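Let me begin by presenting the structure, written as structure tokens, before commenting on it.
The values are calculated or read from the model by the stated rules, or taken from the named source; none is laboratory data. Nothing here was measured: the structure is a model prediction, and the numbers come from that model. With ideal geometry, Cβ positions are generated from the backbone for all residues, glycine too; neighbour counts draw on all protein chains shown. These area figures cover heavy atoms from the full protein model, side chains too; ligands, DNA and RNA do not enter into them. Shrake-Rupley method; radii C 1.70, N 1.55, O 1.52, S 1.80 Å.
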Number of protein chains: 2
Amino acid sequence: MPRAMHIVLQKYEALKQAFKADALSERTTDSIAETFLESRTYIQTFGMLPLTYDGTGKNYFSFQNEQTGKISRAVNRDLFLGFNDTTAEMFLENVKRRQITNQSAEEITKACYTIAICFCCSIDMLKDNDQKTPGTFFEYLMGHLIGVQLGVLPSKQLDVLNLDMRATLPTDFILNIGENRPKFHVPVKTSTRERVVQVWAHQRVLDGVYGTGRFLGLLSCLSETKVNHQTHVVTEICLPDQWRVYQLFIAQMKRVYYLDIPQKYDRLNNVFPRMYIKPFGEFFFEAATLSN
Amino acid sequence: MPRAMHIVLQKYEALKQAFKADALSERTTDSIAETFLESRTYIQTFGMLPLTYDGTGKNYFSFQNEQTGKISRAVNRDLFLGFNDTTAEMFLENVKRRQITNQSAEEITKACYTIAICFCCSIDMLKDNDQKTPGTFFEYLMGHLIGVQLGVLPSKQLDVLNLDMRATLPTDFILNIGENRPKFHVPVKTSTRERVVQVWAHQRVLDGVYGTGRFLGLLSCLSETKVNHQTHVVTEICLPDQWRVYQLFIAQMKRVYYLDIPQKYDRLNNVFPRMYIKPFGEFFFEAATLSN
């Protein structure tokens, strides 16, 4: 490994290898833990700049390089565990012991949020406009956790076999929990923005090729925050009316999990078509009954 | 207008105003003509670097700044009208006189290709990594031409009215040619890449909300070429098997028009599900009968 590579990126490269070798292994959990600890140590060296939330009831800050003024993405103060808090370390221990539900859904959500946001903010500070590395790390994190909970390896493509045509469809994570049970279709996104329609479109293809109900769609996201670098105002970019149209006319997603639920999507829990938008920690408590 | 703005960008800004004021006006045609002529004059100042096509039967070059080495996107030598050829000017005159079909489909395709590619290459040379300006220009060009041919203004959003819910769906161009006739749904893209699934997803929403067959989908594209800036090899990025899956399981697009048809998509004319992939010039000869 080149000497010049930052320790956070070194740990990330090791995680990439571990995930590819065996997405469910203890080595993968350890790699996530090491990447998290290094990124938390790194991000701690920066200042914390309070942001103005464009709404009420949420508090955000950015990490800031006080020399250059460069700031990270927004961090939700109420979900971010402090630098000395050990909830996230305990969570990763529980992952290794396959005892995730020893912690509450709220603790799990905060632990996952802190693990994800420390890495994403580190990349924001280390690189310029790199969305791919945070996105891939978040895929490994979620793929590992969901795979461990369901006890099956996540895969990323599906054969479409159909009379005389054959095609391979690249997908987000697919988890096959065995015969006579529905399978899971798990798109993982740090944020969705206008590209989100592809999530419902892929669900539609799965419904069409394999039969409706065969795959349960679990969209899994980090947050929808966007920081204005001039005004330091943080906004949640949401398209709730479009989600309702997609849910009615393209396909049905079974759940949408967020680590930091946007307020406008939280409200979709209360209108028709009913959509279930939940903190990610709740997944671990309902995973066994989602297919009922 | 700031003095520092390049003449090509000045003409583009004027086109933007003209299109917004009246997308079908003579002023819009004139603005397209002026933008085209200025961009052709500008791009003529660069050298032409032959590219290696990753396949057979097509020839491409890039414009090149011989001082800096910077190159433009790929230009199809067989579709690009020479700098002294007046086919494109005649085409724009025919657009104003509403006599587009005075030229052959092949001449129209070459004229539109040359108008589009001169502007896109100019922006490639004037700016760094600006995909938005070429994309918006191409939308104006196609929106104007398709609108003129069908005799109706293109619009960009639709109300979704549905019992007790109401939402506005942002769409690509919609052309409403009147009662008791199908309407047209026209997504316009300089290239599609992996985002293309949204085209079928939007068609699916239209089919669901308004009834299948109510909107005819006409995907309209420039090309799918990608140049490797190191090796100067040009490749066509195509996902034909995925298009077939979308066409079978999400919705049906009535036509796909290209100015520069990728070879892998051209072959979709001959396999099941049959998709009609045509040079854009043919649109003007079949527009009146598409809804039959």
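At a glance:
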| quantity | calculated |
| --- | --- |
| Failed item in (1) in a loop (DSSP other than H, G, I, E, B); (2) loosely packed, with under 12 Cβ neighbours inside 10 Å; (3) at pLDDT 95 or above, with A:PHE80 passing the rest | (2) |
| Yes/no for A:GLU236 being under 24 Å from A:GLY135 (Cα atoms), within 19 Å of the chain's Cα centre (by Cα) and open to solvent by 50 Å² or more (accessible area, probe 1.4 Å) | no |
| Residues within the range A:1-57 that are in a loop (DSSP other than H, G, I, E, B), among the small types (Gly, Ala, Ser) and in contact (Cβ under 8 Å) with a residue 24 or more places away in the chain, tallied | 3 |
| Leading residue by the ranking (nearest to B:PHE46 (Cα to Cα)) among those in the range B:61-77 that are part of a loop (DSSP other than H, G, I, E, B) and without any contact (Cβ under 8 Å) to a residue 24 or more places away in the chain | B:GLU66 |
| The range B:242-269, residues that are surrounded by fewer than 16 Cβ atoms within 10 Å (Cβ to Cβ) and within 14 Å of chain A (Cβ to nearest Cβ) | B:ARG267 |
| Members of the range A:200-230 found to be crowded, with 20+ Cβ neighbours inside 10 Å, among the charged types (D, E, K, R) and assigned to a loop (DSSP other than H, G, I, E, B), listed by number | A:GLU224 |
| The range A:119-133: number of residues that are within 15 Å of the chain's Cα centre (by Cα) and assigned to a helix (DSSP H, G or I) | 5 |
| Complete set of residues in the range A:189-199 that are open to solvent by 10 Å² or more (accessible area, probe 1.4 Å) and touching a residue at least 40 places away in the same chain (Cβ under 8 Å) | A:LYS189, A:THR190, A:SER191, A:ARG193, A:GLU194 |
| Residues (over 30 Å from A:HIS229 (Cα atoms), modelled with pLDDT of 95 or more and open to solvent by 60 Å² or more (accessible area, probe 1.4 Å)) located in the range A:1-59 | A:GLN17, A:LYS20, A:ALA21, A:ASP22, A:GLU26, A:ARG27, A:GLU34 |
| Tally of residues being among the acidic types (Asp, Glu), at pLDDT 95 or above and more than 23 Å from A:SER72 (Cβ to Cβ) across the range A:234-286 | 2 |
| Selected residue (criterion: surrounded by the most Cβ atoms within 10 Å (Cβ to Cβ)) from residues of the range A:97-106 that are assigned to a helix (DSSP H, G or I) and out of contact with any Lys or Arg (no Cβ under 9 Å at 6 or more places or on another chain) | A:ILE100 |
| Filter pass, B:HIS185 being within 19 Å of the chain's Cα centre (by Cα) and assigned to a helix (DSSP H, G or I) | no |
| Those residues of the range B:188-212 which are closer than 14 Å to B:ILE250 by Cβ and more than 9 Å from chain A (Cβ to nearest Cβ), in sequence order | B:VAL196, B:VAL199, B:GLN203, B:THR212 |
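Quick grid of which residues meet (1) open to solvent by less than 10 Å² (accessible area, probe 1.4 Å); (2) among the small types (Gly, Ala, Ser); (3) outside any helix (DSSP H, G or I):
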position: B:ILE108; (1), (2), (3): yes, no, no
position: B:CYS112; (1), (2), (3): yes, no, no
position: B:ILE117; (1), (2), (3): yes, no, no
position: B:GLY135; (1), (2), (3): no, yes, no
position: B:THR171; (1), (2), (3): no, no, yes
position: B:GLU179; (1), (2), (3): no, no, yes
